[in-house]
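To keep things clear, I will list the structure first and then write my remarks on it.
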Amino acid sequence: MKTLLVIFGITGDLSTRKLLPALSHIIHADDAPELEILGVSRREVDLPELILGSTKDDALVEKTDILTMDVAQLADYQKLKQAIQDRKADQTLIYLSVPPGAAAQIVDLLGEAGVNTPDIHLLFEKPFGFDLASAQDFIARTGRYFTEAQIYRIDHYMAKEVSAELLRLRRGAEAAHHHWGADSIESVTIIASEAIGIEGRAQFYEQTGALRDFIQGHLLQLLSLVLMTRPTLDERVPAQRLKALQAIAPVNPAHVVRGQYEGYQEEVENPGSTVETFVGLQLESSDENWQGVPLRLITGKALDEKRSYVEIRYRDGRTDVFEEGKVIPENGRVLDAYERVLLEAVAGRNELFTSGEEVIRAWEILAPLQYDWEMSDEAPLVYKKGVSLKHLGS
């Protein structure tokens with residue numbers, strides 16, 4: 001089956017750092033899909049310079065073409081429509097490697113131009129809104145022209161090693177992990193810590209913060225994999241994750257630690273900023289299989305180490321830790337997250353992708369906390385760069 005991959009924002013940072021290198025690996029695999037790439041750019045692009053600067057891969061240059069268009073003009077989408085038709089692919093994947101605001105406008109114009117036939121699928125990057133209301137609005141807006149089955153919402157944490165390992169273990173009917181629950185588990189802790197600060201992304205971080213950046217998407221999605229009903233190969237994983245999220249009670253602001261590293265306000269040139277760079281919170285599930293088990297999500301910047309892991313403490317004193325970079329896959333080959341995302345989309349599998357209902361439920365869980373922070377003038381706890389989690393009470 002031939003797939004045409006259209007990349008809006010092909011000259012951008014995400015494309016050059018992640019997408020193009022992932023595509024280079026994909027096209028050289030023994031079982032490589034039949035793939036053609038069409039990059040969309042506002043300006044003329046030196047294609048060999050763009051691709052060779054990211055991948056040194058002449059073969060990828062041969063598989064790629066560029067369409068110059070003004071993405072704000074409806075008439076230019078007719079050019080795109082014709083370019084798609086000319087390539088006679090069995091399916092077209094449109095990857096929106098652009099900011100959320102631009103993505104919403106592009107989706108509208110794609111729909112108005114009729115570039116929304118059933119063989120066309122969209123791939124979105126998070127964030128999917130900034131709160132419950134904006135997420136609901138964005139999902140409703142994309143739903144005007146595209147069905148839920150046509151939309152692949154990407155949370156790259158779901159394509160990482162830990163997520164793949166958790167899903168494999170939960171499906172293993174003979175493994176103890178298949179029967180996780182309150183009978184055997186004392187607590188679940190999911191941590192994503194970084195040693196770096198905001199690294200010059202002041203505008204982004206002032207708009208986002210740690211809660212939106214990591215908790216709402218990445219860590220709640222990982223938690224849903226731990227809590228979901230034991231899946232079989234025939235059951236839809238997104239539906240099982242949604243059930244797990246629906247059983248999680250909205251967060252109690254009293255069970256949250258909010259922090260900001262020393263010097264953050266100077267970095268963003270915003271004295272008095274209350275944007276959090278650290279969040280530690282505890283949740284609970286009403287699912288009878290998980291009642292009474294503390295569920296902790298922790299993320300922070302400028303801490304003492306970079307680690308991403310899921311820790312399961314058992315009632316018998318044992319501990320399982322599933323850590324990014326330390327999971328050994330069954331076949332010995334570690335796929336990059338974006339390789340896995342693209343391959344799953346080409347194959348038409350939706351396990352890695354977040355449904356609209358999951359997005360909405362995640363925001364519902366966090367809504368009381370967002371409201372509490374908006375109404376409060378209390379400043380975040382200030383912590384020194386390089387501090388360990390234990391000194392933050394986590």
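Quick one: would you say Ala103 is surrounded by fewer than 13 Cβ atoms within 10 Å (Cβ to Cβ), hydrophobic (A, V, I, L, M, F, W, C) and within 30 Å of Arg361 (Cβ to Cβ)?
Values: surrounded by fewer than 13 Cβ atoms within 10 Å (Cβ to Cβ): no; hydrophobic (A, V, I, L, M, F, W, C): yes; within 30 Å of Arg361 (Cβ to Cβ): yes.
Taking the combined requirement at face value, the residue does not satisfy it.
What are the residues in the range 341-394 that are more than 14 Å from the chain's Cα centre (by Cα), of a type outside the set (A, V, I, L, M, F, W, C) and under 25 Å from Ser224 (Cβ atoms), if any?
Answer for the range 341-394, where residues must be more than 14 Å from the chain's Cα centre (by Cα), of a type outside the set (A, V, I, L, M, F, W, C) and under 25 Å from Ser224 (Cβ atoms): Glu344, Gly348, Arg349, Glu357, Arg361, Glu364, Pro368, Gln370, Tyr371, Asp372, Ser394.
List the number of the failed condition for Asp86; all other conditions in (1) within 18 Å of Leu110 (Cα to Cα); (2) surrounded by 13 or more Cβ atoms within 10 Å (Cβ to Cβ) hold.
(2)
Has the range 193-202 got any residue that is basic (Lys, Arg) and touching a Ser or Thr at 6+ places or on another chain (Cβ under 6 Å)?
In the first step, residues of the range 193-202 are kept if they are basic (Lys, Arg); the result is 201.
Narrowing the set further to residues that are touching a Ser or Thr at 6+ places or on another chain (Cβ under 6 Å) leaves none.
Checking the range 193-202: not a single residue is basic (Lys, Arg) and touching a Ser or Thr at 6+ places or on another chain (Cβ under 6 Å).
Val251 versus (1) under 27 Å from Arg153 (Cβ atoms); (2) in contact (Cβ under 8 Å) with a residue 40 or more places away in the chain; (3) outside any loop (DSSP other than H, G, I, E, B); (4) not basic (Lys, Arg): which is the lone unmet condition?
The one condition Val251 does not meet is (3).
Would you list the strands (runs of 3 or more DSSP E) that sit entirely within the range 109-224 and hold 2 or more residues that are free of Cβ contacts under 8 Å to residues at least 24 places away in the same chain, more than 21 Å from the chain's Cα centre (by Cα) and not assigned by TED's automatic domain parsing to the domain that holds Lys326?
Values: elements: 120-125, 151-154, 185-193.
Passing ranges: none, list empty.
Is there a residue being of a type in the set (A, V, I, L, M), assigned by TED's automatic domain parsing to the domain that holds Leu96 and in a helix (DSSP H, G or I) anywhere in the range 30-38?
Restricting attention to the range 30-38, the residues satisfying the condition of being of a type in the set (A, V, I, L, M) are 32, 35, 37-38.
Still in the list and also assigned by TED's automatic domain parsing to the domain that holds Leu96: 32, 35, 37-38.
In the following step, the residues that additionally are in a helix (DSSP H, G or I) were identified as none.
No - not one qualifying residue is present in the range 30-38.
If Glu284 meets every condition in (1) without any contact (Cβ under 8 Å) to a residue 60 or more places away in the chain; (2) surrounded by fewer than 17 Cβ atoms within 10 Å (Cβ to Cβ) apart from one, which number is that one?
Checking Glu284 against (1) without any contact (Cβ under 8 Å) to a residue 60 or more places away in the chain; (2) surrounded by fewer than 17 Cβ atoms within 10 Å (Cβ to Cβ), the one that fails is (2).
For the range 62-77, state whether one or more residues are under 24 Å from the mean Cα position of the chain (by Cα), in the same structural domain as Ala22 (by TED's automatic domain parsing), small (Gly, Ala, Ser) and within 16 Å of Ser41 (Cβ to Cβ). Spell out the reasoning first.
In the first step, residues of the range 62-77 are kept if they are under 24 Å from the mean Cα position of the chain (by Cα); the result is none.
No - not one qualifying residue is present in the range 62-77.
As an exercise: evaluate Glu266 against (1) under 17 Å from Glu358 (Cα atoms); (2) over 18 Å from the mean Cα position of the chain (by Cα); (3) at pLDDT 90 or above and give the number of the one condition it does not meet.
(1)
Out of the residues in the range 21-44 that are farther than 19 Å from Glu339 by Cα and surrounded by 18 or more Cβ atoms within 10 Å (Cβ to Cβ), state the one that is modelled with the highest pLDDT.
So the first thing to find is which residues in the range 21-44 are farther than 19 Å from Glu339 by Cα, and the list is 40-44.
Retained after the next criterion (residues that are surrounded by 18 or more Cβ atoms within 10 Å (Cβ to Cβ)): 40-41.
Values: Val40: 96, Ser41: 93.
Per the criteria, the residue is Val40.
The values are calculated or read from the model by the stated rules, or taken from the named source; none is laboratory data. What you are looking at is a predicted structure, and each value in this text was computed from that prediction instead of being measured. As a convention, Cβ positions derive from the backbone with ideal geometry for all residues, glycine included, and neighbour counts pool all protein chains shown.
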